[in-house]
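The values are calculated or read from the model by the stated rules, or taken from the named source; none is laboratory data. Small disclaimer: the values here were computed from a predicted structure and weren't measured. Note that each Cβ is placed from the backbone with ideal geometry, even for glycine, and that neighbours are counted across all protein chains shown.
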Amino acid sequence: MKSSAHHAAHLPDAHPIHLGAEIAAVFARPGVGPWAILALQFAGSLVMIAALYWLARWLRLGGDVRIAGREHAAELAEATFPGFAAEDITVDRARIGALVRNRAGQVLLIRRHGARFVARELADHQGIRLDRHTLTLETGDPRFGALTLDLGADAQTWAASLRRLHGVTVDHAR
């Protein structure tokens, strides 16, 4: 039986392939200008952009997150405050926010926050401004910020009803 050292002596010398050196040799040839390097870099960038786009689509990232309609707004209110039964709902024309009222007169402001929706209760009429068909609402929570809703003809009706808010609050313990 021959030793492994004996077999190694008959193998050709193995040289590792240096891809970077091979590519550099191709571009170092006479007649290959910097345009070839730029073209290769551009093509590589396009391939990576396409790969990232495909990955984002596959993971269902991004997209246009909007309130689908009144029923969706009611579901968002119920999900945020369990037991909140929506009676009156208005959705912004751009579908980025909504106002939802229950029978007890409690009002939730729902808005898009990134790829999700968040809601805050409007406890009083402070920070509510009407300007024709838009209603600007501030909850007093700096993390929530102000939201301007384009409610069309509903803006005046909702502004009048929100002026009657006097500390009606949602029971968060449900």
| message | Can you pull out every residue in region 43-68 that is outside any helix (DSSP H, G or I) and either modelled with pLDDT under 90 or not aliphatic (A, V, I, L, M) (or both)? | response | LEU59, ARG60, LEU61, GLY62, GLY63, ASP64, VAL65, ARG66
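Residues are listed down the side, and each one gets a yes or a no for (1) out of contact with any Gly (no Cβ under 8 Å at 6 or more places or on another chain); (2) touching a residue at least 24 places away in the same chain (Cβ under 8 Å); (3) not β-branched (Val, Ile, Thr):
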position: GLU71; (1), (2), (3): yes, no, yes
position: ILE128; (1), (2), (3): yes, yes, no
position: HIS133; (1), (2), (3): no, no, yes
position: GLY140; (1), (2), (3): no, no, yes
position: ARG143; (1), (2), (3): yes, no, yes
| Looking at region 78-90, is at least one residue assigned to a helix (DSSP H, G or I) and either in contact (Cβ under 8 Å) with a residue 24 or more places away in the chain or not assigned by TED's automatic domain parsing to the domain that holds GLY140 (or both)? | yes
